[in-house]
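Visitor: Sharing a structure below in structure tokens format, with a few things to ask.
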Amino acid sequence: MKDPVTGRYVEMTVQGKHYRIYYESAGQGVPLVCLHTAGADSRQYQELLRNRELLSRFQVIAFDLPFHGRSMPPKEWWLEPYRLTTDLYVEFIMTFLQTADIEEPLMLGCSMGGNITLELAYRFPEKFRGVIALEAAAATGGRLNDYLFHPQINGGEMCATNVYGLMAPQSPEHLRRDVWWIYSQGAPGVYYGDISFYSEDWNATDRVGKIDTSQCPVFLFTGEYDYSCSPEMSRRTAALIPGAEFHVMKTMGHFPMSENPDLLMEYLRPVLDKLC
Amino acid sequence: MANSLHMFSPEWMEQFRQVVNEDRELSWIARWMTCDFVWRVGEAVYLFHVVGGKVISVVAPTWNDSWDFAIEGTEEAWSKFAQPLPPPMYYDLLGMVTRLPECRLTGNRLKAMQHIRSLTRMMSLVREVGGETR
């Protein structure tokens, strides 16, 4: 059976550093750009990239951030610790979209990828059809700790176990174990560097209220089993954004697109119909 | 057959010990897990002596005993954790000790994190033991 997914690279420069960025795409139609979570990569979207319903209407695209998956770090990465920031993350995304010739996409992001879609909607509402933020909030503190990047601890096991319990027990076990597997494969310090963004650098409570949802509609979905970004945290954020919609996903955890893609589609379908 | 033992009683702990020691996954992932830890369930305190991933004994600690770390919580919290489908916030060991005020992980946390993969698996097996709650 021929698989619908194609993988390729784009070359781009961000803040004076050169990157070769890997991305996968499938389907035709409105670009739906998917952002992976901290310490993971585009494999988290492997089910959505093969979802026939989505592929009939969307070009589903998922790329690996630098340092993640098949996107290598820049030259001289060994001279300083990897730390993601709000500005750097935005620049990575906008440069990727421009370099890959993706115009007016619908953005879908999860966790730190969901958080940053709120920033995108705030800074560039005219450039997006809308944003769908999964497991996201204007601030998501309390997740950074030194055990994630420590020479006396197996980082693969630590990072993977740190996220495994964020998923719903109702989600199929083999899909939850895939999430564990992807997390176990991140390079040392990369999940830590992402979490320093997610948990410390990221705080948009002062500006999410200024998002123009008439230009760029905002939808938030959060799983009831997520304790990293709880439904209450997302609900409070949605309440700050005039016109934003928020839904709690029952029997879902922190990785909807990976742990239970079929159930996620049930929640996404009405929004996709509305937006495109 | 339903387990009629009172959950978290000494007899129940012995069953839990056997389930842990027969677990196929732990038999290979916990090979290097050697430590002593306490599991506190409300007022009840149990000391787990683990060697090479096998729980050698579960006893009430005496003045002569020391341990590496302790997992502490109320009986109500652990009863929720032990349900076949625990409610949100009560499903994950790390989640409980980092987000719930009634649960804690104390002592040598570095050592606990070194074994977090096996420890998480081990504790999740309480759901396979069953038993009666108060």
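Visitor: In peptide B:92-101, how many Cβ atoms from other protein chains are near each Cβ within 10 Å, on average? Don't jump to the answer; show the numbers that get you there.
Guide: On the way: counts 11, 2, 7, 7, 2, 0, 6, 4, 1, 0.
What the average comes to for B:92-101 is 4.
Visitor: Run the reach check for A:Lys17 against lysines, Cα to Cα strictly under 21 Å, same-chain hits fewer than 8 apart removed. What comes back?
Guide: Counting by Cα, and skipping residues close in sequence, A:Lys17 has these lysines nearby: A:Lys75.
Visitor: Provide the gained length on full extension for the span A:Glu103 to A:Arg269, in nm with one decimal, where the gain is 0.36 nm per separating residue minus the Cα-Cα distance.
Guide: That pair, A:Glu103 and A:Arg269, stretches by 57.6 nm at full extension.
Visitor: How many angstrom lie between the Cα centre of the range A:219-276 and the Cα centre of the range B:87-134?
Guide: 27 Å
Visitor: What's the exposure ranking of A:Cys34, A:Cys276, going from fewest to most Cβ atoms within 10 Å?
Guide: Final ranking by Cβ density, sparse to dense: A:Cys276, A:Cys34.
Visitor: Name the chymotrypsin sites (Phe, Trp or Tyr not before Pro) in the range B:1-89 that are in a loop by DSSP and that have at most 10 other C-beta atoms within 10 Å, would you?
Guide: On the way: sites: B:Phe8, B:Trp12, B:Phe16, B:Trp28, B:Trp32, B:Phe37, B:Trp39, B:Tyr46, B:Phe48, B:Trp63, B:Trp67, B:Phe69, B:Trp78, B:Phe81; in loops: B:Phe8, B:Trp32, B:Trp63, B:Trp67.
Sparse-neighbourhood loop chymotrypsin sites (Phe, Trp or Tyr not before Pro): B:Trp63.
Visitor: Right, another one. Helix-only estimate, please: 222 nm mean residue ellipticity of chain A, summing -39500 (n - 2.57) across DSSP H runs of length 4 or more and dividing by its residues, to the nearest 500.
Guide: -9000 deg cm²/dmol
Visitor: Can I ask one more? With only alpha-carbon atoms in the gyration tensor, what are the semi-axes of the equivalent ellipsoid for the range A:35-120, in Å, largest first?
Guide: 24, 14, 12
Visitor: Follow-up question, since we're still on this one. Whole percent per 5 Å bin, from 0 to the bin with the longest distance: what is P(r) over all C-alpha pairs of chain B?
Guide: Pairs per bin, as whole percents: 2, 10, 21, 25, 24, 14, 3, 0.
Visitor: Based on Cα positions only, what radius of gyration and what Dmax would you give for the range A:154-198, in angstroms?
Guide: 10.9, 31
Visitor: Translational diffusion coefficient, Stokes-Einstein: compute it for the range A:185-268 using the Kirkwood radius over C-alpha pairs as Rh, at 4 °C and 1.567 mPa s, and state it as an integer in µm² s⁻¹.
Guide: Details: Rh = 14.4 Å.
Answer, rounded: 90 µm²/s.
Visitor: Would you mind checking the pairs A:Lys210/A:Lys250; A:Lys127/A:Lys274; A:Lys250/B:Lys111 and listing those with alpha carbons more than 23 angstrom apart?
Guide: With Cα atoms farther than 23 Å apart: A:Lys210/A:Lys250; A:Lys250/B:Lys111.
Visitor: Further question on the same structure: Which residues does a label at A:Arg177 reach in the range A:246-274, if reach means a backbone N under 20 Å from a point 7 Å past the Cα toward the Cβ?
Guide: A:253-262
Visitor: Within 10 Å of each Cβ in B:80-91, how many Cβ atoms from other chains are there, averaged over the peptide?
Guide: Whole-number average of other-chain Cβ neighbours for B:80-91 is 3.
Visitor: While we're on this one: Counting DSSP beta bridges in the range A:1-112, what percent are antiparallel, to the nearest 5?
Guide: Working: 13 of 22 bridges.
Taking every DSSP beta bridge within the range A:1-112, about 60 percent pair in antiparallel fashion.
Visitor: Across every pair of different alpha-carbon atoms, what Kirkwood hydrodynamic radius in Å does the protein assembly as shown reach?
Guide: 22.4 Å
Visitor: Turning to a different aspect of this structure: Can you give the average number of partner chain beta-carbon atoms within 10 Å of each beta-carbon in peptide A:160-169, as a whole number?
Guide: The mean count of partner-chain Cβ atoms within 10 Å per residue comes to 6.
Only the coordinates and a few stated rules stand behind these numbers; no lab work does. As the structure is a computational prediction, the values presented were derived from the model and not from experiment. In this analysis, Cβ positions are derived from the backbone assuming ideal geometry, glycine residues included, and neighbour counts consider all displayed protein chains.
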